[in-house]
Every structure is written in structure tokens, then in C-alpha cells.
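*Asks:* Before anything else, here's the structure in question.
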Amino acid sequence: MIGYLKDFILNIFVIFTPLLMYPYIFKTKSSTLLYRFLLYLLFAVPLIITMSIPVNLNGLIYDFRSIPLAIGSLYGGWQVSLLLYLTINVYRYILGNSNDLQYLAALLPSFVFVLFFLKFFSSMKLAQKIATAFILCTLVKLLTFSIYLTLTGQLELLTSKPLLTVQTYLLQGVFIGLCVYLIELLKNYFYMQEEVFKSEKMKIVGDMAASVAHEIRNPLTTVRGFIHLFGSADLDKEKKEYYKRICFEELDRAELIITDYLSLAKPDPEVVEKININEEVQYLANVLLTYANYNNIQINVNLIRQCTPYIVGDRYKFRQALVNIGKNAIEAMQGGGVLDLRTDKLHGQALIIISDTGHGMTPEQLKRLGTPYYSTKEKGTGLGTMVSFSIIKKMNGKVDMKSELGKGTEFKLLFPVAV
């Protein structure tokens, strides 16, 4: 028996290796036709290879073709099983083996057992599946050999060394049991991944809903309170105007929060065009000018003059990203400061630099910037920055940030140059 062990191990290696692809194939299960086709290929390959490297045992040409045949049949259904049965006979003919009709007649009766076991296999427990695979594999081999040797008048080969034959069948049983165990383990791992993914999605939805409720409740509560104050009989005109202005500011804040959340659900860019970065940075400076003046901020614009680089993307969303970053920079300079806007080229890429002289950020704050629900502003949601980074990423851009407490923050936006 030891003399044949190395040949058996080679066969088993051939059978086990393709199973590593099973989790990827299992993901296509929603598409029945594709799943069955890939499953057929998964087991047809080791089936053909094991037939190509047989072991001569007691005068019989012996291999482990029954293992991929049995497992492929049990996990793929009768359609995959039928294809595997046809593959065996076609490849046997290609190899030039004799008695093709006798072998076909000997092999087909085992297909009846496949159809029988398929009725119960999917609902079985692991131990039952291993036992069923062992029984089916043994029946396929034993039944096929018995009928084939009877038809060819060589039945004595099957019983000449019964102990060695039994050991071979037991070894085959051990390997098919391991094979089934591995497949079930991979399936369970895939199911666990799916459950974790679903639970994470539900958690994100829950967090998003809680965040929306929390963020919008604050300005609405303020508005509600001031509406009550409007009912006061002794309220003078100056206070009414003051309360009205606060109400509008809080409603604007609620609208801004809703806009940020809706931006997360917007599809990918629909209008893709060439964008002149000089024009867009100048547009940004014009948009921010009033807001900057109100906050005592000076805007300096320095544009590249030679070979203005163009980039590709959705112009509207690109402007949204720049405005978000620019407004955040202005709001970081509470006591006034300077906002620098520059365009340039770096290593063949288009470069936009937005820098401020604000309060800056710590390395920990910088690391968290752009993540959901994180903001350095007291009333911020963090979604505006997150949306901006997402837009830049979809344009194949890259964001490089540097910041130092008390000195300010610099954003470098790098984009591939349009051809």
C-alpha cells in the first residue's frame, strides 16, 4: 500500500487544489446557469487530470476520478453530474482506452444512485453529507468495476487482493470526506461573510438615520422655540427681526445638512467633460469672495500660465468639491487670515492647492477628516468633506493634506491630465 501512496497523494493534490476557487464560484449562485457551468469546470479539470495520472493496482488501472465525479454531482445537481459522466466517457475515448461501450454500460447505472442521493443531500447535516459522499463514491467505483469486469470477463481482478482493495476504498473515503468538509467550511465562511456584510450595512443605515434625526432636530428645535416667542404680546419689532433671522439661519442649516446627506446618494458623474483647472479655481475665488470678505479673509489666486492642464470629470460636482473645501478653509480662520488658491503641474499631473492660515489640525484630526460624522466644526456633520473626497476619488484624483496647529492647513489635489 505504501508503494502507491505517493501516486495517491498526487491525485489528491490535483483534486483539492481547484476547491480553493469554490468560494468565488459560490458567489455566482444567484445565476444558476453560470454557477453550474463554473462548478462543472471546477470538477471536470481534476477529473481529467486524475484520469491522466492513474495508478496500476492489481492489474487494474485505478485513479480517483470517482471523487470529483461524486462531489461534483452532489453539489452541482443532475445537470453537472450528467456533464461529468459525459466528460469521463469522452476523455476515456480520447485516451484510446478499449471497451468504450462496456465501460459506458458499467458507468451509467451509478447515475441512478446520484439522482437518489440528490433528493436529500442539500438538507443533510455535515456528518450525513460526508457519509453520503463516501457511500456514493464507493458505489460508483465498486458498481462500475463490477459491471465492467463482468462484461469483459475479468471479475477475478476485483477479488484477487481484497485487503488491498478495501484499504484503497477506505483511503478514497477519507479523502472524499475531507473534500466535503472543506467545501462545507468554505460555504459557512462565505455565509458568515455575507451576514457580517449585511449587519454592517444595517448598522450604517441605522447610524445614518440616527445622525439625520439628530442633526436636523437641533435647528428645528431652535425654530420651534422662536416660533413660540413670536406669540408674545410685548415683543418689539427689533426682536422679531432678530428672531426671524435666527429662524432662517437654522432652517438654512437644516437644508444644508439634508443636501449633504443627499449628496451621498447621488450616482456617479453623468456629464463627463474636459475641465480647465484655472477657470475652475478662478470661479471658486469668485464664489467665495463675499463669504471671505464677511469673515475678513483675503483670497490670493496664483494660476499656472503656461500649458494650462485640463482634467476630466463632472464640472458641477467638481465645483461642489472645491467649494466645500474652500468654505471649510474660510471657517477655520475665525479671526481673519489668508486663503491661497494655486494651480500647477506636479510629476505630469494637474495640481490644485488650497491652503489657509487657520487654527490647523492635530495629526489625529487630520487622519479622521473625511470620515462620516466627523467634523472639526461645532455644528458640522463631516459629510461635506466626505462628499468632496468622494467626488475627487471618482475623478481618479488624490488628496494630500498637511496641517499644523496654529499655522493652518494645506490641501493638495492631484488629478491625471486629460489627453
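Values in this text are rule-based calculations from the coordinates and carry no lab data. Values in this document were obtained by computation on a predicted structure and should not be read as measured data. FYI the Cβ positions are ideal-geometry reconstructions off the backbone, even for glycines, and counts take in every protein chain you see.
*Asks:* Among residues other than Leu366 whose Cβ falls under 12 Å from its Cβ, what is the net charge (Lys/Arg +1, Asp/Glu -1)?
*Replies:* -1
*Asks:* How long is the gain from Ile53 to Lys327 if the chain were fully straight, where each residue apart is worth 0.36 nm and the alpha carbon distance is subtracted?
*Replies:* 91.6 nm
*Asks:* 7 Å from Cα along Cα→Cβ at both Gln167 and Ile258: what's the point-to-point distance in nm?
*Replies:* Spacing of the two 7 Å Cα→Cβ label points: 8.0 nm.
*Asks:* With N set to the number of residues, divide the alpha-carbon radius of gyration of segment 273-416 by 2.2 N^0.38 Å and report two decimals.
*Replies:* Compared with the compact-globule rule of thumb, segment 273-416 sits at 0.98.
*Asks:* I need the per residue convex hull volume for segment 2-197, using only the alpha carbons, in cubic angstrom as a whole number.
*Replies:* That works out to 114 Å³ per residue.
*Asks:* Here is a follow-up. When Rg is the radius of gyration of the Cα atoms in segment 298-366 and Rh is its Kirkwood radius, what does Rg/Rh come to?
*Replies:* Ratio of gyration radius to Kirkwood radius: 1.01.
*Asks:* Work through the residues other than Val338 whose Cβ is under 13 Å from its Cβ and net out their charges, Lys, Arg +1 and Asp, Glu -1. Please list the in-between numbers first.
*Replies:* Working: positive: Arg342, Lys407; negative: Asp340, Asp356, Glu410.
Cβ neighbours under 13 Å give a net charge of -1.
*Asks:* Given points 7 Å out from each Cα along the Cα-Cβ axis, report the Met21 to Leu142 separation in nanometres with one decimal.
*Replies:* With each label placed 7 Å out from Cα toward Cβ, I get 3.3 nm.
*Asks:* Under 15 Å from the 7 Å Cα→Cβ point of Asp100, by amide nitrogen: which residues of segment 74-92?
*Replies:* Those under the cut-off are 86-92.
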